[in-house]
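The values are calculated or read from the model by the stated rules, or taken from the named source; none is laboratory data. In this text, all values refer to a predicted model and were calculated from it rather than measured experimentally. Note that each Cβ is placed from the backbone with ideal geometry, even for glycine, and that neighbours are counted across all protein chains shown. Just so you know, the surface numbers come from the protein's heavy atoms only, side chains and all, with ligands and any DNA or RNA stripped out. Shrake-Rupley method; radii C 1.70, N 1.55, O 1.52, S 1.80 Å.
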Amino acid sequence: MATVGWILIVLLFAVGMAGTVYPILPGAIAIFFAFLVYGWFFSFDPFGVWFWIIQILIVVVLFVADYVVSAWGVKKFGGSKLSTTLSTIGVIIGPFVIPAFGLVLGPFIGAFIGELIGGSSPSKASKVGFGSVVGLFTSTVMKIILQLVMIVLFIIWVVRFA
């Protein structure tokens, strides 16, 4: 049973990290569920109150910052609310419509179309589209770092307190 538990934990960590670049996957939630799997298969004893407080704070920061940082990219380059919304939709559907490049082109196209609908010039729409990609990459780097912190803290807690 221990092998099954560790396989599930590693799979959930992998899904979580894949979620940093493929937004349809649960990301931080998958990593958080790995902690629960460890508890169910082994023990919750290594995880004290501080472990859960820190991990929950990281998850909350990830959820809030993911949208804030992406929207910041659009706003920083002069984008409208519609551009921000369409950019977010582009992040979600882009990888399905354009499998190889949709993650980058989706938010760009969404922000670009949002600006054109709002009456902006094609050059401004391009600038805002570029901003959406900057926001996406900034958000992705932030998610990778914070989710790795979640996993490292898990390992430290398990090794040190188990």
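Does at least one position in the stretch 128-138 carry a residue that is in a helix (DSSP H, G or I), hydroxyl-bearing (Ser, Thr, Tyr), within 18 Å of Ala18 (Cα to Cα) and at pLDDT below 95? Talk me through it step by step, then tell me what you get.
Step one: list which residues in the stretch 128-138 are in a helix (DSSP H, G or I), which gives 128-138.
Next, from what is left, pick out any that are hydroxyl-bearing (Ser, Thr, Tyr): 132, 138.
Then drop every residue that is not within 18 Å of Ala18 (Cα to Cα), which leaves 138.
Okay, now just the ones that are also at pLDDT below 95, so 138.
Yes: one or more hits.
In the set Ser83, Ser70, which member is of a type in the set (Gly, Ala, Ser), within 18 Å of the chain's Cα centre (by Cα) and part of a helix (DSSP H, G or I)?
On inspection, the qualifying residue turns out to be Ser70.
Look at the stretch 106-130 and say how many of its residues are closer than 14 Å to Lys81 by Cβ and either crowded, with 18+ Cβ neighbours inside 10 Å or of a type in the set (A, V, I, L, M) (or both).
Of the residues in the stretch 106-130, 8 are closer than 14 Å to Lys81 by Cβ and either crowded, with 18+ Cβ neighbours inside 10 Å or of a type in the set (A, V, I, L, M) (or both).
Name the pairs whose Cβ atoms lie under 6 Å apart, with the first residue in the stretch 110-127 and touching a residue at least 24 places away in the same chain (Cβ under 8 Å), the second among the polar types (S, T, N, Q), and 6 or more positions between them or separate chains?
If the second residue must be among the polar types (S, T, N, Q), the pairs left are Gly110/Ser87; Ala111/Ser83; Ala111/Ser87; Ala111/Ser132; Gly114/Ser83; Glu115/Ser83; Gly118/Ser80.
Applying the selection to the stretch 13-22, what residues are in contact (Cβ under 8 Å) with a residue 12 or more places away in the chain and open to solvent by 40 Å² or more (accessible area, probe 1.4 Å)?
Val15, Met17, Val21, Tyr22
Just wondering, is there one or more residues in the stretch 77-96 that are in contact with a Pro (Cβ under 8 Å, 6 or more places away or on another chain) and open to solvent by 40 Å² or more (accessible area, probe 1.4 Å)?
Within the stretch 77-96, one or more residues are in contact with a Pro (Cβ under 8 Å, 6 or more places away or on another chain) and open to solvent by 40 Å² or more (accessible area, probe 1.4 Å).
If you scan the stretch 23-55, which residues turn out to be among the aromatic types (Phe, Trp, Tyr), exposed (fewer than 14 other Cβ atoms within 10 Å of the Cβ) and outside any helix (DSSP H, G or I)?
Result: Phe44, single match.
Mind checking whether some residue in the stretch 99-106 is at pLDDT 90 or above and either assigned to a helix (DSSP H, G or I) or touching a Pro at 6+ places or on another chain (Cβ under 8 Å) (or both)?
Looking only at the stretch 99-106, we keep the residues that are at pLDDT 90 or above, and these are 105-106.
When the remaining residues are screened for being either assigned to a helix (DSSP H, G or I) or touching a Pro at 6+ places or on another chain (Cβ under 8 Å) (or both), the result is 105-106.
Yes, there is a match, as at least one residue in the stretch 99-106 is at pLDDT 90 or above and either assigned to a helix (DSSP H, G or I) or touching a Pro at 6+ places or on another chain (Cβ under 8 Å) (or both).
Restricting to the stretch 56-76, name every residue that is open to solvent by less than 40 Å² (accessible area, probe 1.4 Å) and under 18 Å from Lys127 (Cα atoms).
Val69, Ser70, Ala71, Gly73, Val74
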